[in-house]
Structure formats: C-alpha cells, structure tokens
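Here's the structure, in structure tokens; my notes come after.
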Amino acid sequence: MPWKPAAAPPAQAQPYVCDPLTTEPVVDDAVPTADEVLGFALGEREVTLDEAYRYLDEVAAVSSRVVTGTMARTQEGRRVRYAMIGRSERMTSSALARVSRRVRLLRRASLPDARAGLIAATTPTILWIAGNIHGNEESGADASLRVLYELAARQDCAAARILDNAIVVIVPSQNPDGRVADTRRNAYDFDLNRDWFARTQPETDAKVQFLRRFPPQMFIDAHEMGRPNSYFFPPNPDPIYHEITSTSLDWINDRYGRPLARAFDRLDIPYFTTDIYDLFYMGYGDTVPTTGFSAAGMTYEKSAGDPIERRTFEHYVAMWVSLSHGAEDRISTLARWHETYRRAARQGAAGVLEPNEVFQAGNEVSNRVPDRPVRHYFLRADDPAKTAEVQALVRRLQRMDITVQQLREPLRVSDYRAYGRPPTDTVLPAGTYWVSMDQGQKHWVQAMLNEDTYVPFPYFYDVTAWSGPLLFNVDGGASGEQLRPVAVRAPVQPPAVAPTPPDDAPTLGLLQLSDNSSAQQSSGWLRWLLTERWGLAYADLTAQDVADGGLEGIDVLLVPNGDAFTGLRELGPTGSQQLRDWVRQGGRYVGWQGGTVLAAVLGVTTARLSEPTSDIPGSLLRVTVDERAPLADGVGPFAWTFYAYDPVMTASDPDSVMVGFPPADSQDFFVSGFARGEDQLGGTAAVIAETVGDGSSVVFSFEPNFRGFTDGTQKFLRNSVLGPSADEQGAAGSRAPAFGDPPAGLARQEVRRARAAARDLSRLQAPIRLSVTPDSAAAARRLLEETGATYETQITPGRVSFRIANPEGLAAEESALALELSEALRASQVDVMAFSVP
C-alpha cells in the first residue's frame, strides 16, 4: 500500500487554538495548485527544476503576497530563484526595502533602545526556508513549494499568524546544477553545504549577500540522509561552536525543537535528535546563519530512501510548524535578536570569548577556550607578496558586516600574539588592518580570525579548522590590551582580479585517478581553480589517453587525489610506462594525496608514505618553507597546510624537501584545530620536489586546494605549475634536487623503498575513523561487528584506531552506517578518543 500520513488527533486535543496542523484550511481558489499548473500534486513525483520555477512564477502572477526573483547564476548559467511571501502591503519594492533597512538596523549594537523598540514593534521577522543544497536531495524543494502555495492561498488563522508577523523567504533549490544532474555537488563538484564561510561558488556567494539584505531570525536548511525511515531536527549533538549564542541555542532547541517533537509524536512520524549533525564547522547552512546572523539556523534531514510523498510531507510538516512558531512573539524575538548584537559588542569590549560547553549528559569538555582576553585582531599589510591575500581576507570580513579599520600611525602592542606564537612587545606599522572585537559581529569575528577553534568534544561531522589568516597565509595576531589606535575605516575591498597567465604558460593535463567521491571533488576543485581563478587551459586526460600517447605535447601533468590503485590498474603496463617515460623525457608530474601514491608506485618519486597514527580530522598545521626554491615564490618562510588523515611523507634526501613540518618540539610546530598524536608529523615532509631524468616531480602529502579556500597553499600549486624547469632552476642558482639515473644505485634503491611503502598503504578510500582507548578496543570491535562494518585496526601506544570502510566515499549525512555508528557509540561505554566521518 502507498504510504499515507497519519491522521491528526481531534482538534480538542490540541494545545492551543489555530493549531498549524489541524486548522481547517480556507483557500483562495484563484491561487493555482501544483496540480493545475504542473499536472500532478506535490509529492506525487519529484518536481523538476523547470517545473519548480514555473510554479513560482504562476503563483506570483496571481498572488500579491508573493514576489519572486533571481539571486544568482550557477556555474552552468542556471538561475537560483527565490520567492518572498508576506502581507500584500509589505511586498512592494519600496516596502521590502524599508523592511530590509529596519531589520539590518537591529544588527547595530549602538542603536538606541527607543529606536530598537520601535523597529521591533513595527517590523516583521524574517524566516528563511532553503532546500536542495545537495542536488540529489530533492524533497526539501518540493515541500517548500507546498509552503509557498499555502502562504499564498490560505485565508485561515494558521496562515494569518505567519503572514501577520513574518516575511518568509523560500529558496527551493540552492543547487540547480546538481538538481538537474541528480548529483550531490555542483558543476565543479563543490559541496555547497561546506562553502558557506568561504563563498567560493556563485550559488553560495549570492545567497549570503541576499541574507545580508534580509537577515534571518530563523533559517531552515532542508536535506535528505542515509538513515532509513526517520527524520532529524535539533537539538544538535556535541560539539557546538563556542561562539554560538545562548539565545540562538534556546530558539533552536526550545522554540523549534520541542514543538517539532510534539508535532511528530502526534503524527506518529519517526525522528531522532542529538546525533551526528553537529553545529560546529562554519561552512554549513545552519552554523553560518546562526553565528554570522544570530539566527536559529537548523538542519532538517529526511530519509532519502522513503517515497517522495512521505519525504515531501514530513519536510512540509517541519517547515509549517517551524514557521508557525517562528512567527510567534515577533516583537520579543526582534528585541532579543537585537540584544544579541549589543551583548556581543559588550563582550568584545571586555575581551571575553564565550566558553566551551557540552550539552549532552555524560559528555565532558575536552578542550577549554583559553581564559585570556581578546579585544583586537590585526592583519599586517607590509608584505607586498601578500597584498592580494590580505585584501581578499579583508573583503571577506567586510562582506559579513564586520567593521575593519586601518592604522594611520604605528601602534605599540605589548601583548601582541602572532598566530601560533607567544605574546611579544610589537610595534605594528601604519597600514595594518585592525578588527576590534567591540562590535555586534564579535562572534563572527572570532569565528573567522581565531587562532584555534578549541574543539570541545572529539566527534567530527566535518573539519575542525578554518581560520582566515591561516588559510590565506597572511601575518596577523591578537591582543587583549585596551588600545586606542589612530585608525580610519578601511575602504571596501574590490573583488580579486585573476592574475594574467604568462605568455609562455605550459600546456597542462589533468588526470583524474578514479570516479570515487574523493577523486571527483579534488579534480573538481582543481578544474575550478584553473578555469575560474587562474584562467589556465588544460586537457582532461583519461588513463586510456595516457596509454595511447596522450601525454605528447603536455608539459605539466596534474594528478589530484583519488584511488591510486584504481588509476594504476586503468593505466595498465602500457600507460604506466608511457607516464614514466614522459617524466624522464622532460615532463613535470605534480600530484597530491592519491596522486602522490601513484607517483611512488610508478617510481617517479622517492617519497616514502605511511599511514598516519595521529587523529587529525581536518586541521591547519604550520609548515616551514625552503625560501630558495621556486616553489616558495611569494609564500614566505612559513605556511599553513590543511591536513586531514593524510599519509605521512618522508624524504630519502633532505634536500628534496621544499615544505616540511617542523620538529614537534620546535616553537614553529603549531596546530589550529583538533589533533591527537600530531607529534608523528614532526620533521616529516609536506612537499617534495625531485628531478627525474630530464623531468621532475612535485608531490604533496596534503590537498593544496582544499575546497578551493586554502589560498595560501594554492601558491605552492601555482608555482609548481608555472615555475621554472629544473634546468632553469639550476641556471638561476636555486636548488634543484637531483634524482633519476645517477651512477650509483642509491636512488634506485630509494625508488624500490618508496614503491614498497606505497603498496603497504591502506586501500580504503575516505574511511570513517574511530580511535578509542585500549581498554575500550574490545567493546568497539563488538560494536563494529554488530553493525556489519568492514574495518582495519591500527594499534599504537595509548590508542587503538579503526579505519572503517566507506566504499562510496559517502559524507556523514549520506551514510547509514555512519549514522548508526554515531548513535551506537554515544549510547555505549566505549571511551572514544576521536570519531570522524568524511
């Protein structure tokens, strides 16, 4: 039998009149239903993108409550459409501009109380619903269209409560290219739900700009997940980012979470809370509205395997109930929202950071926010090689309504704490950018300019570090002093201008190793970087192309992450020999992660790779740079690598190490984000460059272009591609390590060692990671076996680690196994040291 929603209980059993789910709808028949426009009812089948947009337009053409528009064009030129719904008198362009202006004024910490009270009393709240950020998670969009219809057509009190108090913004599909292609990611294989703070993609950038025009007090991000027959809404599990305010958490958990639980119980809809979907990384559609806009940002997840009728209905229930409760106490909501900005500025003036907390019984804070004042951040602008990076970071801050100023005179700071360094007495030069914490966006300032994220609890739904200065590799630091700098507001920074490709740019080839998720993303990020940021042409090559002689005419071959052994199998003996010969005859091989493994197996590097014994699920580590090498042009003596359970790389020849991790006991060694066992990386290599016959290889242990936002290490990659050849390096007097066919047999022996080490690596791609104390190892094994997981075990002093097969490279929300393991671990007595899902 087809699934049908459970009947609601009788009206007299409802907790208040005009219940959002049991009020009998009264509709205006002039507003068309989906059946009348599209020929089928919403939930009968999945709506196509064109159908969704046609329905938006048909409803807007009839209803004066609805305004539609386009906020962006995707990478493939499709429109990202929106609808805004409210009382007719609020939906003219002038009225909407007035609402926008008033709500934005409430974000000003300095706004007088009387003015704030008047705005709160006369202004609607802004409630957002956004669906389909992952293109193959369709039902959020379909449910939002039902919400659109009911807000446009209904005349009853349940709809009136929302319309009287709110303007609702609906974005049916945040990822039109992905919806059309039925893929999770966009056209360049970016996961748009990891791109929110960096805004590298036009879909994200325009959406956040629109959020700035109409700042939300509630934001729903509607997804689908791998767990069957269930639904997720908050409360979220630990960890939760420390700068998320108590007001936002109260709204998320109490204003929305509790009524949703009651509604789902009444309708007998299975659901869960406080598991897997944390509120930590600043790249999500819940954390950014929450931290950057002081809203109640919430992820809603519905089982992807259920029928579309059920998926659409359950998302609709969650959306409609949330809108109903979001529209309650409008004046109080806006007043409290304004107060969060005032309180943030007071905290910033006092140098107070919010402490870490855990919210689930039995959990303990494992990493506390340091008890030292932070009143100011500074970004130095006195290195001409970093001008573009500093300006890009300042622009990123300004475009989230952060006030950035510039010193007009030198400033002495007695406790200046440069990133990853102890405090020193420092004079900052005129021109340095100054960001005071004494402003309403204090929470977002800390989120973007932090030295560390101070992870409170060792469960990781995603990465644990994203500090802007470290990602851009610009000099900066913090102070807790009470300073009064002589400064002026910094001019608004323009968009970055792509560098002009050199006239003699090499011909590039891109070899994608496999079709798994890691390879698709790494290759997609690279294609975006080459095309959109660097303006460099390249040829996509397959393994068969290489075997057929397709490397002829290619100067540089780029081999991103992926399954090296799948790539090796597809190359076959002929392709492998063709690639080796091409390098030895003058080609330049540039690879990272899986591309580095392939280089080692093929014998075009002597880099030795081993499995990490540390737990570093996505953190920033400082590395030292050989400034004599062309690879270092414009980088400086240090940089920050984004490291996430990557192979540990050692060199046969220390002179081949262009970038390396400092000794673990060095003052240069520093980690931003979560790390355990990180000493293993001390003194190892991050980038190795070697000559190979008449050619060369450059191999990275890490992803230099992670999600397109690691601008600092993108320079290494650009220099690897456009830098001089080995002969040119030698002529210029810079270091060009020798490797290839020397008279002695040492190098050949090192090649054999590198091959053997690479072949010993785990063949699991993007595994789920679990580390436990030795006393808990047996219990963890039993739990893994009960879930039917395939795993590998690694035993190191004080830790037993499990690499759990995730053959399709699924993200946390896609993987039923990840969800099951997370729930089982939280309910067990296993002493978890780290649990990480890709």
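The values are calculated or read from the model by the stated rules, or taken from the named source; none is laboratory data. Remember, it's a predicted structure, so these values are computed and weren't measured experimentally. Positions of Cβ are backbone-derived with ideal geometry, glycine not excepted, and every protein chain shown enters the neighbour counts. Side chains included, ligands, DNA and RNA excluded: accessible areas come from the protein's heavy atoms. Shrake-Rupley method; radii C 1.70, N 1.55, O 1.52, S 1.80 Å.
Whenever a residue of segment 146-172 is β-branched (Val, Ile, Thr), its partners that are open to solvent by 10 Å² or more (accessible area, probe 1.4 Å) and not in a helix (DSSP H, G or I), lying with C-beta atoms within less than 6 angstrom and at least six residues away or across chains, give the pairs Val171/Tyr82.
Might you let me know whether segment 257-272 holds any residue that is closer than 17 Å to Thr464 by Cβ and either at pLDDT below 95 or open to solvent by 10 Å² or more (accessible area, probe 1.4 Å) (or both)? Checked against the condition, which is being closer than 17 Å to Thr464 by Cβ and either at pLDDT below 95 or open to solvent by 10 Å² or more (accessible area, probe 1.4 Å) (or both), segment 257-272 yields no hits at all.
Condition check ((1) aliphatic (A, V, I, L, M); (2) under 30 Å from Arg826 (Cα atoms); (3) without any contact (Cβ under 8 Å) to a residue 12 or more places away in the chain) across all residues:
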{"residue": "Thr204", "(1), (2), (3)": "no, no, no"}
{"residue": "Leu211", "(1), (2), (3)": "yes, no, no"}
{"residue": "Phe219", "(1), (2), (3)": "no, yes, no"}
{"residue": "Ala222", "(1), (2), (3)": "yes, yes, no"}
{"residue": "Arg227", "(1), (2), (3)": "no, yes, no"}
{"residue": "Asn236", "(1), (2), (3)": "no, yes, no"}
{"residue": "Ser248", "(1), (2), (3)": "no, yes, no"}
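Does Pro491 satisfy the criteria of being within 30 Å of Asp438 (Cα to Cα) and free of Cβ contacts under 8 Å to residues at least 40 places away in the same chain? Outline the logic, then answer.
Values: within 30 Å of Asp438 (Cα to Cα): yes; free of Cβ contacts under 8 Å to residues at least 40 places away in the same chain: yes.
Answer is yes for this residue.
You will find that of Glu36, Glu51, Glu44, the residue that is of a type outside the set (A, V, I, L, M, F, W, C) and either under 20 Å from Cys157 (Cβ atoms) or in contact with an Asp or Glu (Cβ under 8 Å, 6 or more places away or on another chain) (or both) is Glu44 and no other. Being within 20 Å of Ser720 (Cα to Cα) and surrounded by fewer than 24 Cβ atoms within 10 Å (Cβ to Cβ) is the filter here; which residues of segment 583-607 pass it? Of everything in segment 583-607, those that are within 20 Å of Ser720 (Cα to Cα) and surrounded by fewer than 24 Cβ atoms within 10 Å (Cβ to Cβ) turn out to be Arg584, Gln585, Gly586, Gly603.
What residue, of Trp251, Trp196, is under 15 Å from the mean Cα position of the chain (by Cα), buried (at least 23 other Cβ atoms within 10 Å of the Cβ), of a type outside the set (Val, Ile, Thr) and at negative phi? Working first, answer last.
On the way: Trp251 fails: under 15 Å from the mean Cα position of the chain (by Cα).
Checking each option against the conditions leaves just Trp196.
For segment 530-570, enumerate the residues that are among the aliphatic types (A, V, I, L, M) and open to solvent by 40 Å² or more (accessible area, probe 1.4 Å). Lay out the reasoning, then the answer.
We begin by selecting, within segment 530-570, every residue among the aliphatic types (A, V, I, L, M); these are 530, 536-537, 539, 541, 543, 546-547, 551, 554, 556-559, 564, 568.
The one that is among the aliphatic types (A, V, I, L, M) and open to solvent by 40 Å² or more (accessible area, probe 1.4 Å): Ala537.
If you take the residues of segment 653-672 that are farther than 12 Å from Thr624 by Cβ and in contact with a Leu (Cβ under 8 Å, 6 or more places away or on another chain), which of them is surrounded by the most Cβ atoms within 10 Å (Cβ to Cβ)? Please lay out each step first, then the result.
Keep residues of segment 653-672 that are farther than 12 Å from Thr624 by Cβ, which gives 653-656, 664-665, 671-672.
Add one more test, that the residue is in contact with a Leu (Cβ under 8 Å, 6 or more places away or on another chain), and what stays is 664, 671-672.
Values: Ala664: 13, Val671: 21, Ser672: 24.
Ranking the candidates gives Ser672 first.
Among the residues of segment 38-56, the one identified as buried (at least 17 other Cβ atoms within 10 Å of the Cβ), aliphatic (A, V, I, L, M) and free of Cβ contacts under 8 Å to residues at least 40 places away in the same chain is Leu38.
When segment 806-838 is filtered for residues that are charged (D, E, K, R) and open to solvent by 40 Å² or more (accessible area, probe 1.4 Å), the ones remaining, listed by number, are Glu808, Glu814, Glu820, Glu823, Arg826, Asp831. Taking segment 193-309 and the helices (runs of 4 or more DSSP H) fully enclosed by it, the elements with 1 or more residues that are out of contact with any helix residue (DSSP H, G or I) (no Cβ under 6 Å at 6 or more places or on another chain) and over 30 Å from Ala496 (Cα atoms) are at 246-250, 258-266.
Here segment 423-438 is the region considered, the condition is being assigned to a loop (DSSP other than H, G, I, E, B) and out of contact with any Gly (no Cβ under 6 Å at 6 or more places or on another chain), and the residue that is least open to solvent (accessible area, probe 1.4 Å) is Thr432.
With respect to (1) among the β-branched types (Val, Ile, Thr); (2) part of a loop (DSSP other than H, G, I, E, B); (3) in contact with an Asp or Glu (Cβ under 7 Å, 6 or more places away or on another chain), the lone exception for Val635 is condition (3). For segment 763-805, residues that are hydroxyl-bearing (Ser, Thr, Tyr), open to solvent by 20 Å² or more (accessible area, probe 1.4 Å) and either within 26 Å of Ser518 (Cβ to Cβ) or part of a helix (DSSP H, G or I) (or both) total 5.
So in segment 304-343, with the set limited to residues that are open to solvent by 10 Å² or more (accessible area, probe 1.4 Å) and among the β-branched types (Val, Ile, Thr), which one is farthest from Pro215 (Cα to Cα)? If we take residues in segment 304-343 being open to solvent by 10 Å² or more (accessible area, probe 1.4 Å) and among the β-branched types (Val, Ile, Thr), then Ile308 is farthest from Pro215 (Cα to Cα).
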